[in-house]
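Derivation of every value follows stated rules applied to the coordinates shown; laboratory data play no part. Predicted model only: the values in this text are computed from it and were never measured. Cβ placement follows ideal geometry from the backbone for every residue including glycine, while neighbour counts extend to all protein chains displayed.
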Ligand SMILES: Nc1ncnc2c1ncn2[C@@H]1O[C@H](COP(=O)(O)OP(=O)(O)OP(=O)(O)O)[C@@H](O)[C@H]1O
Ligand SMILES: [Mg+2]
């Protein structure tokens, strides 16, 4: 229930829209009732040539008798034109109101869900590394897409249906109770026979749907893995294995889908049969009443039609509960993301680091990965890198070089001790002011599926073409960029697939150079380059390093550029 109120909060800005659609849907319900009421004059008057004289009785409400004559323009007096006018008007009105009511409520649903989706995305963007270790990309993506989709269906589709059907039920109930309340109550006793199996079946169907969804997710995973790892598949000759893996999953999905269809399709015939039984009994009863003159065929038909029309909305209202439960389950997951306590946060009175001037100091920095408290740890690292210096971190694979570098921009926080920039604990600084001082060329570069220029200028929409070219030149990337079909405007493919490993690294270096931050961290940034290119890149960097503080990470020792070498590791 807490989820529901919280969800409704996202619909709050749209209250006027909601009220409008409530009114429109109320008209739809009333119009639905009217269609049943009009049956009576059709049978008793229009299709009965003996009867001629007006007025045409419709129904009585609150002591007033409502005649059809009151509802149509005064110059329409012939019975057939009156009824025809009424039918057309009712259907026209119902159509218009249904259309706009439906549209408006969907507008609310889609808008509220768009707001929520944006909020969740923004929230996830600011999550720390720990979050992404706990939640797989596939899971987060499925949440933002599928879970929010379910919420949207509940918020708009179901809400629209709920309003429309409730008003319809009220109007139709009024019609049947008004025409013969005893008969009405008696006929409504079959309702539980209809409802109970529907709700039961609904629950079973929901389970099946969930299973089908899981099967689809598994299929998706096989698909994604084999497609992105297609080279590994080929080189290990695993096509057959993958094909079988796929067959297994796809057949499972087929079975769940068929089970769904079998369950879904059984409901209607079952319920329709109960309907037929009711009709047979009703007709037997009506035959006696009409013979005795206490009922007209028109009254009876109007009653039966209203009763039949009741069935659909009642069934739908019973089903809405299920869908709503599903949406609440989905929103629970979504709210979990929103409520997750972030570990890397900014203090309320965080200070802005205006300039980097003196040093970076690892002051007894101790660190353990939150996900592996007994695993690898850094123990009381003490290291000072002065402004303008170049520090080289050298050590074997797995010794914690990347880990140490990741502590500086606060991808992780130290467990104890501190990292200080110009004497200030980085946890006291504003995150944006800290991170804008640091450029990183990470060990596994990530490039976006965009043009070369946009990748170099990433995060800097104001960068000019000259600045981008300068950065590319300094990273020794220009030469290969100009050889590409569209130069700087060439799309580089997913994760930069169309580039060689060394080219990707040089783009990443160019991107880091363009950021022009005073602290530069190069995590094996030249590992994919041959010795010659590496030397060239380092010469280029040397010029840039003059105003910079650089932490160079290497697993085998290369001469880091610049005169003031330091090493640790
Ligand atoms: N997210 C993580 N959670 C738990 N343990 C991790 C995580 N990332 C790395 N480790 C562990 O931390 C240790 C140090 O890893 P790190 O990446 O810092 O090594 P490295 O010195 O950069 O090695 P390489 O030269 O191979 O890049 C490794 O033993 C690794 O298993
Ligand atoms: Mg590393």
Potential extension, residue 241-residue 397 segment - 0.36 nm per residue separation minus Cα distance: 52.9 nm
DSSP-defined beta bridges in the chain - what % are antiparallel, rounded to 5: 55 percent
Per-residue [θ]222 nm for the chain (sum of -39500 (n - 2.57) over DSSP H runs n ≥ 4, rounded to 500): -20000 deg cm²/dmol
Nitroxide proxy distance, nm - points 7 Å out along Cα→Cβ at residue 288 and residue 248: 6.6 nm
Residue 321 versus residue 222: modelled label distance in nm, points set 7 Å from Cα along the beta carbon direction: 3.8 nm
Mean Cα-pair separation over length for the chain, i.e. relative contact order, pairs under 8 Å, 6 or more apart, %: 15 percent
Relative contact order of segment 149-281, pairs being alpha-carbon contacts under 8 Å that are 6 or more residues apart, as %: 33 percent
Degrees separating the helix 159-179 axis from the principal Cα axis of the chain, which is the longest one: 10 degrees
Using alpha-carbon coordinates, inclination of helix 2-11 to the longest axis of the chain, degrees: 90 degrees
Between segment 470-510 and segment 126-144, the alpha-carbon center distance in angstrom: 30 Å
10 Å binning of all Cα-Cα separations within the chain, expressed as whole percents from 0 upward: 3, 12, 16, 17, 14, 11, 9, 8, 6, 3, 1, 0
In degrees, nearest ten, helix 297-339 long axis to first principal axis of the chain (Cα): 20 degrees
Prolate/oblate/rounded call for segment 461-551, Cα gyration tensor, a/c under 1.5 rounded: oblate
Förster radius 35 Å - calculated FRET efficiency between residue 20 and residue 230 (Cβ-Cβ, nearest 0.05): 0.10
Inter-centroid distance (Cα atoms) of segment 210-249 relative to segment 306-385, Å: 30 Å
DSSP-defined beta bridges in segment 359-568 - what % are antiparallel, rounded to 5: 50 percent
Residue-span extension gain [residue 199 to residue 114] - 0.36 nm each, minus C-alpha spacing: 27.5 nm
Per-pair calculated FRET efficiency, R0 = 35 Å: residue 528 and residue 433 via Cβ, rounded to 0.05: 0.60
Full-stretch length increase - residue 535, residue 448 - with 0.36 nm per residue and alpha-carbon distance subtracted: 28.6 nm
Relative contact order [Cα under 8 Å, 6+ residues apart], segment 359-568, whole percent: 29 percent
Cβ-Cβ FRET estimate between residue 333 and residue 424, R0 fixed at 41 Å, reported to 0.05: 0.60
Inter-probe distance in nm under a simple model that places probes 7 Å from Cα toward Cβ, at residue 89 and residue 189: 4.0 nm
Cα gyration tensor shape of segment 359-568, rounded if a/c is under 1.5, else prolate or oblate by comparing a/b with b/c: prolate
Prolate/oblate/rounded label for segment 181-294 (Cα gyration tensor, a/c 1.5): prolate
Taking 324, 167, 376 and counting other C-beta atoms within 10 Å, the order from fewest to most: 376, 324, 167
